[in-house]
Every structure is written in structure tokens, then in C-alpha cells.
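Trainee: Before anything else, here's the structure in question.
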Amino acid sequence: MTIYRLQVNGKQHAVDTDPDTPLLYVLRNELELNGAKFGCGLGQCGACTVLVEDKPAMSCLVPVSSVGRRAVRTVEGLGTVDKPGVLQQAFIDEQAAQCGYCIAGMIVQATALLERTPRPTDAQIRAHMSPNLCRCGTHMRILRAVRRAADVLAKQPAGAKR
């Protein structure tokens, strides 16, 4: 076992774990951040998506030893129940969640898109969101939620917290 120092959602954490432990397990079991879900364990569903240095990563495939000093953001770092982030609120407003299992990963994946491409086309949204699967079939609501969030963010003043 080795102690790893991680920056997750802006806070420093020290975890004592094996180097090959998936980041997903550390987030859920050690840090009690349960937004990212275990879906397939193979990086094929996106339920475990987090941001590592602002890039989407399937945390079931990322060994904790590879994270290093890179900042990790989970859905919990994007807003709260009392004050949801723009994307979280858009998913609520569009009723994009049915069972909800995939939604944290979807929101994190969409965050990466909107931070890089503030006004994406529908084709860009579809392409960027394609690694994340929704078995309930709310794909059109998810697409609308991402569009809605892009519209809200476009109306915010430059430099405003997103």
C-alpha cells in the first residue's frame, strides 16, 4: 500500500491504497464521492466519468497511481443539491434523468465539452457524448439539456463562475 495525495474537487486528500486501484474505487470507497458509478468496469459505458485536468476520463480505467498532482473533478464538484451547477440545473429542467444511473457521467462529460466548446452544434454534442450510454433512452432530453446549459452560459458575463 502507498499513500497518494489527490486533489479532488479543489480539496487535498491522502489515501493509502494499492497503486493499481482504480480511481473510481478511491472516489467511492475512500472519499465517499458516490456520483461516479460502476457500470461496466471496462470503460465502455461512461457511468464513471470524471474530469482529470479538465479532460473526461473513465475512472474505472484510471489507476490511482497515474493521477499524480492532476486535479480531479467529479459531479459533486460541479454544484450542490441547494445550488446546482448550470448543467445540473439544465438536466433537471429537461427531465433528462430517468433511472439516473448514467447522469453524473453525462453531466461531467458535457462539462468538458462546454468548457472547450461553449456553443457546440448538435453534431458536436452527439459526438462528444457518444462514449456515455443511457439505457433508459433519454438521449433527446440529454441533448436538450446540454443545449440549454450552453444557452445559459452564453448569457453569463465573461469571467462569471460557471
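Trainee: Can you find a residue that is small (Gly, Ala, Ser) and either surrounded by 16 or more Cβ atoms within 10 Å (Cβ to Cβ) or in the same structural domain as residue 51 (by TED's automatic domain parsing) (or both) anywhere in the range 116-132?
Mentor: Among the residues of the range 116-132, not one is small (Gly, Ala, Ser) and either surrounded by 16 or more Cβ atoms within 10 Å (Cβ to Cβ) or in the same structural domain as residue 51 (by TED's automatic domain parsing) (or both), which makes the answer no.
Trainee: Another one. Quick one: which of 86, 72 is modelled with pLDDT of 95 or more, assigned by TED's automatic domain parsing to the domain that holds residue 40 and not small (Gly, Ala, Ser)? Reasoning before the result, please.
Mentor: Values: 86 fails: assigned by TED's automatic domain parsing to the domain that holds residue 40.
None of the others qualify; the one that does is 72.
Trainee: With the requirement that a residue be among the hydrophobic types (A, V, I, L, M, F, W, C), under 17 Å from the mean Cα position of the chain (by Cα) and more than 20 Å from residue 39 (Cα to Cα), what does the range 113-155 give you? Break it down into steps so the answer makes sense when it comes.
Mentor: Looking only at the range 113-155, we keep the residues that are among the hydrophobic types (A, V, I, L, M, F, W, C), and these are 113-114, 123, 125, 127, 129, 133-134, 136, 140, 142-143, 145-146, 149-150, 152-154.
Next, only the ones that are under 17 Å from the mean Cα position of the chain (by Cα) stay: 113-114, 125, 127, 129, 133-134, 142-143, 145-146, 149-150.
Scanning the range 113-155 gives 113, 114, 125, 127, 143, 145, 146, 149, 150.
Trainee: Against the definition (in a helix (DSSP H, G or I) and either within 18 Å of residue 148 (Cβ to Cβ) or out of contact with any Leu (no Cβ under 8 Å at 6 or more places or on another chain) (or both)), how does residue 100 come out, yes or no?
Mentor: no
Trainee: Please go through the range 108-162 and give me each residue that is assigned to a helix (DSSP H, G or I) and of a type in the set (Gly, Ala, Ser), ordered by number. Steps first, please.
Mentor: Step one: of the range 108-162, the residues assigned to a helix (DSSP H, G or I) are 108-116, 122-129, 139-155.
Within the range 108-162, 110, 112, 123, 127, 145, 149, 150, 154 qualify.
Trainee: Only residues that are at pLDDT 95 or above and surrounded by 10 or more Cβ atoms within 10 Å (Cβ to Cβ): list them for the range 1-15, please.
Mentor: 4, 5, 6, 7, 8, 9, 13, 15, listed by residue number.
Trainee: Would you point out which residue out of 18, 93 is assigned by TED's automatic domain parsing to the domain that holds residue 137, more than 18 Å from residue 129 (Cα to Cα) and either modelled with pLDDT under 95 or more than 10 Å from the chain's Cα centre (by Cα) (or both)?
Mentor: That would be 93, the only listed residue that is assigned by TED's automatic domain parsing to the domain that holds residue 137, more than 18 Å from residue 129 (Cα to Cα) and either modelled with pLDDT under 95 or more than 10 Å from the chain's Cα centre (by Cα) (or both).
Trainee: For the range 26-62, give me each residue that is in a loop (DSSP other than H, G, I, E, B) and charged (D, E, K, R).
Mentor: Correct list: 32, 37, 53, 54.
Trainee: Looking at 66, 130, which is the one that is small (Gly, Ala, Ser) and under 30 Å from residue 13 (Cβ atoms)?
Mentor: 66
Trainee: Something else: So the check is Cβ under 6 Å with 6+ separation or different chains; which pairs have a first residue in the range 1-23 that's without any contact (Cβ under 8 Å) to a residue 60 or more places away in the chain and a second one that's among the hydroxyl-bearing types (Ser, Thr, Tyr) and buried (at least 16 other Cβ atoms within 10 Å of the Cβ)?
Mentor: Once the first residue is without any contact (Cβ under 8 Å) to a residue 60 or more places away in the chain and sits in the range 1-23, its partners that are among the hydroxyl-bearing types (Ser, Thr, Tyr) and buried (at least 16 other Cβ atoms within 10 Å of the Cβ) give 15/4; 23/59.
Trainee: Okay, next question. Restricting attention to the range 50-70, and to residues there that are under 15 Å from residue 109 (Cβ atoms) and in contact (Cβ under 8 Å) with a residue 60 or more places away in the chain, which single residue is surrounded by the fewest Cβ atoms within 10 Å (Cβ to Cβ)?
Mentor: 54
Trainee: Mind listing just one residue for me: the one in the range 77-102 that is aliphatic (A, V, I, L, M) and without any contact (Cβ under 8 Å) to a residue 24 or more places away in the chain and, of those, farthest from residue 7 (Cα to Cα)?
Mentor: 92
Trainee: Pick out the one residue from 147, 141 that is more than 21 Å from residue 54 (Cα to Cα), touching a helix residue (DSSP H, G or I) at 6+ places or on another chain (Cβ under 9 Å) and buried (at least 16 other Cβ atoms within 10 Å of the Cβ).
Mentor: Residue meeting the stated conditions: 141.
The values are calculated or read from the model by the stated rules, or taken from the named source; none is laboratory data. Fair warning: this is a prediction, and the values are worked out from it, not measured in the lab. When we count neighbours, we look across all protein chains shown, and the Cβ atoms used for this are built from the backbone with ideal geometry, even at glycine.
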